[in-house]
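Student: One structure is given below, represented as structure tokens, and several questions about it will come after.
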Amino acid sequence: MIENLVYPVNGLKLTDSSRDYNILVQIYSRLHLADLSLGLLTIFLSNLSNNQYVLYSGYIVGCLQIAFTYYSKSIKIISHITSIVLWFLWIIIFQWHY
């Protein structure tokens, strides 16, 4: 299963007898995987732009998205939210310059 590949990143156990716990771990692991994929997509999309500002800011925002997703518990939730807001602003700028 996917959660076995991703966790115990944030202190989650790999197995538990509780059905509800396993459901929550599966949901959380898929959200985690989606955030990591979003960071990679941002880096790849930034290569489509001819604008240097969009290109380099895409690299930065993509790396921040990956870092703040993977280390969100130790960095604090406000950093993760900041990376999401930065991504939202970057995608607007990307669409405007593309």
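The values are calculated or read from the model by the stated rules, or taken from the named source; none is laboratory data. In this text the structure is predicted, and so the values were computed from the model without any measurement. Backbone-built Cβ (ideal geometry, glycine too); neighbour counts: all protein chains shown.
Student: Tell me the residue from L38, L33, L48, L55 that is assigned to a loop (DSSP other than H, G, I, E, B), modelled with pLDDT of 80 or more and surrounded by 11 or more Cβ atoms within 10 Å (Cβ to Cβ), please.
Tutor: L48
Student: Could you grab me the full set of residues in the stretch 70-98 that are in contact with a His (Cβ under 8 Å, 6 or more places away or on another chain) and at pLDDT 75 or above?
Tutor: none
Student: Moving to a separate point now. Could you check how many residues of the stretch 30-56 are of a type in the set (A, V, I, L, M) and over 22 Å from H80 (Cβ atoms)?
Tutor: Count: 3.
Student: Given the options Q65, Q26, name the one that is surrounded by fewer than 16 Cβ atoms within 10 Å (Cβ to Cβ), in contact (Cβ under 8 Å) with a residue 24 or more places away in the chain and assigned to a helix (DSSP H, G or I).
Tutor: Q26
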